[in-house]
Ligand code: IDP
């Protein structure tokens with residue numbers, strides 16, 4: 001399996017619940033390494049640009065409003081099969097469908113406030129990492 005990078009966001013609901021550390025700990029226990037991390041209070045432009053692919057969806061306005069409702073933690077995770085591994089740790093988009101023990105099952109209640117974002121492919125990951133971080137802000141840790 002290849003070493004990959006993926007973008008993770010701990011969304012405003014999870015930051016408000018004060019479970020940043022618990023979520024990061026799950027990544028670490030799964031052998032994903034944080035290679036960049038920052039706390040940001042996204043603007044409408046930043047959140048709307050990040051979710052541009054959902055612009056025509058009925059929930060877009062609410063999504064941007066939620067993502068700008070408080071600070072988020074944006075991080076880049078690195079490790080073997082990082083994209084799929086992170087998606088497995090996150091669980092299904094709707095917490096009601098998320099498998100027991102996943103982040104969304106444990107920390108989220110609704111589909112619109114679902115605790116975490118994770119890139120869904122290596123192509124999305126490359127675009128999303130570049131959206132938030134310059135190359136020299138990434139600190140490789142996997143040899
Ligand atoms: P993902 O976050 O699991 O990759 P996407 O389909 O890419 O899911 O959707 C992006 C985000 O948009 C979701 O995490 C969720 O916050 C929100 N979202 C997706 N579908 C719905 C919906 O049907 N109603 C409300 N919000 C939704």
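By other beta-carbon atoms within 10 Å, ranking 85, 17 with the fewest at the front produces 17, 85.
Counting beta carbons within 10 Å around each of 1, 67 and listing the fewest first gives the order 1, 67. The tail of the calculated P(r) for the chain, taken as Cα-Cα distances beyond 20 Å, holds 43 percent of the pairs. Estimated from helical segments only, the mean residue ellipticity of the chain at 222 nm is -10000 deg cm²/dmol, where each DSSP H run of four or more residues counts as -39500 (n - 2.57). Available extension along the chain between residue 16 and residue 34 is 4.4 nm, counting 0.36 nm per residue and deducting the alpha carbon span. Ranking of 76, 15 by neighbouring Cβ atoms within 10 Å, starting from the fewest: 15, 76.
Throughout, read-outs are computed from the coordinates displayed, never taken from laboratory work. Quantities reported herein were computed from a predicted structural model and do not represent experimental measurements. Glycine gets a Cβ as well: all are built from the backbone with ideal geometry, and neighbour counts include every protein chain shown.
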